[in-house]
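Beneath this line is the structure, given in structure tokens, with notes to follow.
The values are calculated or read from the model by the stated rules, or taken from the named source; none is laboratory data. Since this is a predicted model, take the numbers as computed values, not measurements. Reconstructed Cβ throughout: ideal geometry from the backbone, glycine too, with neighbour counts over all protein chains shown.
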């Protein structure tokens, strides 16, 4: 099993990564699609884990299986923890901080039997600001019913904590949360549900 941190470009993506929204044949159910991350705050008393989520993942895919997933700050629990943002940050909550794009063959999901799983390594492209990065990401598709497919990590995924702190916008949010220093890795877990529209 590969254990390597993703860079910032994949970071949100990760992070996550990333759910697999499909509009033509499938769609993500925003109520059941999220990415959870654990930020390790390095404080005077030692490391303290903090759990955060990016919820209501929603995106679209064309008939060929090209998936697009925008990620916004207002999808995260950060706003709940912070309360009202200062004016200089309020404008960033609704615009995408990153956009994830990948491609998978939708026909393979169609052929899965209920209860059957498929592990697929996807090439994930993350665009954040003017930067675009690509990384492979292994995900597991599990058919829960005729019209529902659960998506989870197929292996451990971790974002690069130092790269997150190096991004000015993310650093500002982390500092507002009180995290002056964080660990080198931010583990990320994907749990999303694809449904027939």
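Please enumerate the residues belonging to segment 23-37 that are surrounded by fewer than 16 Cβ atoms within 10 Å (Cβ to Cβ) and under 20 Å from the mean Cα position of the chain (by Cα). Show your work before the answer.
Narrowing segment 23-37 to residues surrounded by fewer than 16 Cβ atoms within 10 Å (Cβ to Cβ): 24, 31.
31 - this is the single residue of segment 23-37 that is surrounded by fewer than 16 Cβ atoms within 10 Å (Cβ to Cβ) and under 20 Å from the mean Cα position of the chain (by Cα).
Filter segment 50-62 for residues that are more than 29 Å from residue 180 (Cα to Cα) and either touching a helix residue (DSSP H, G or I) at 6+ places or on another chain (Cβ under 8 Å) or part of a helix (DSSP H, G or I) (or both) and give the result. I'd like the intermediate steps shown before the answer.
Kept after step one, since they are more than 29 Å from residue 180 (Cα to Cα), are these residues of segment 50-62: 58-62.
Once the filter is applied, which keeps residues that are more than 29 Å from residue 180 (Cα to Cα) and either touching a helix residue (DSSP H, G or I) at 6+ places or on another chain (Cβ under 8 Å) or part of a helix (DSSP H, G or I) (or both), segment 50-62 yields 58, 61.
Would you mind finding the one in 104, 141 that is surrounded by 17 or more Cβ atoms within 10 Å (Cβ to Cβ), within 18 Å of residue 188 (Cα to Cα) and in contact (Cβ under 8 Å) with a residue 24 or more places away in the chain?
On the way: 104 fails: within 18 Å of residue 188 (Cα to Cα).
The conditions single out 141.
Would you confirm whether or not segment 33-49 contains a residue that is within 25 Å of residue 134 (Cα to Cα), part of a loop (DSSP other than H, G, I, E, B) and at pLDDT below 80?
Pass one, segment 33-49, residues within 25 Å of residue 134 (Cα to Cα): 33-39.
Then keep just the ones that are part of a loop (DSSP other than H, G, I, E, B); that gives 33.
With the extra rule that they be at pLDDT below 80, the set shrinks to none.
No, segment 33-49 contains no residue that is within 25 Å of residue 134 (Cα to Cα), part of a loop (DSSP other than H, G, I, E, B) and at pLDDT below 80.
Mind counting the residues in segment 140-152 that are outside any loop (DSSP other than H, G, I, E, B) and out of contact with any helix residue (DSSP H, G or I) (no Cβ under 8 Å at 6 or more places or on another chain)? Walk me through how you get there before you give the answer.
Step one: list which residues in segment 140-152 are outside any loop (DSSP other than H, G, I, E, B), which gives 140-145, 148-152.
Narrowing further to those that are out of contact with any helix residue (DSSP H, G or I) (no Cβ under 8 Å at 6 or more places or on another chain): 140, 142, 144-145, 148, 150-152.
Final tally of qualifying residues: 8.
In the list 94, 80, which residue meets the criterion of being in contact with a helix residue (DSSP H, G or I) (Cβ under 9 Å, 6 or more places away or on another chain) and modelled with pLDDT under 80?
On the way: 80 fails: in contact with a helix residue (DSSP H, G or I) (Cβ under 9 Å, 6 or more places away or on another chain).
Of 94, 80, the one residue that is in contact with a helix residue (DSSP H, G or I) (Cβ under 9 Å, 6 or more places away or on another chain) and modelled with pLDDT under 80 is 94.
Just to be sure I understand the filter: pairs with C-beta atoms under 7 Å, separated by 6 or more residues or on different chains, first member in segment 26-54 and closer than 20 Å to residue 79 by Cα, second member part of a helix (DSSP H, G or I). Which pairs pass?
35/14; 35/15; 35/16; 35/17; 37/15; 52/78; 54/75
So if I check each of 100, 122, 159, 190, which one is within 13 Å of the chain's Cα centre (by Cα) and modelled with pLDDT of 85 or more? Full working, then the answer.
Numbers: 100 fails: modelled with pLDDT of 85 or more; 122 fails: within 13 Å of the chain's Cα centre (by Cα); 159 fails: modelled with pLDDT of 85 or more.
Only one candidate qualifies: 190.
Quick one: which residue in 175, 109 is assigned to a helix (DSSP H, G or I), modelled with pLDDT of 80 or more, over 21 Å from residue 29 (Cα atoms) and out of contact with any helix residue (DSSP H, G or I) (no Cβ under 7 Å at 6 or more places or on another chain)? Before the answer, list the steps.
Working: 109 fails: over 21 Å from residue 29 (Cα atoms).
None of the other options fit; the residue is 175.
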